């Protein structure tokens, strides 16, 4: 399972780097006094929406990885009490994410 986690960690790290780049681009536009926010008001909304989508996609990817990997491990190990506790914690996270 370590390899799988290493691969997933790399994917998540790459996603964070892309999101960081998107945010840095927005920051640079806002700092640039030559950039006219009123010229294309939808461009900023598009970029912010792209960041929001990227973050939501990352959350979804992480949740999927966690559910497929860690929950299955707990259930297969026969530790039903721990598995139940993990499921309950996980459901709380999903509730918060869904808001």
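Descriptive notes on the structure:
- Among residues that are part of a helix (DSSP H, G or I) and either at pLDDT below 95 or surrounded by fewer than 11 Cβ atoms within 10 Å (Cβ to Cβ) (or both), residue 37 is not included.
- Residues that are under 8 Å from the mean Cα position of the chain (by Cα) and free of Cβ contacts under 8 Å to residues at least 40 places away in the same chain within region 55-70 comprise 55, 56, 59, 60, listed in sequence order.
- Among the candidates 74, 52, the residue that is farther than 23 Å from residue 7 by Cα, out of contact with any strand residue (DSSP E or B) (no Cβ under 7 Å at 6 or more places or on another chain), assigned to a helix (DSSP H, G or I) and free of Cβ contacts under 8 Å to residues at least 60 places away in the same chain is uniquely 52.
- Residue in region 67-79 that is touching a helix residue (DSSP H, G or I) at 6+ places or on another chain (Cβ under 9 Å) and at pLDDT 80 or above present: no
- Residue 62 being surrounded by 12 or more Cβ atoms within 10 Å (Cβ to Cβ) and not in a helix (DSSP H, G or I): no
- The residues of region 77-99 that are part of a loop (DSSP other than H, G, I, E, B) and either within 18 Å of residue 52 (Cα to Cα) or within 24 Å of the chain's Cα centre (by Cα) (or both), listed by number, are 98, 99.
The values are calculated or read from the model by the stated rules, or taken from the named source; none is laboratory data. Computed from a prediction, not measured in an experiment: that's the story for all the values here. A quick note on method: Cβ atoms are made from the backbone with ideal geometry, for glycine too, and the neighbour counts reach across all protein chains shown.
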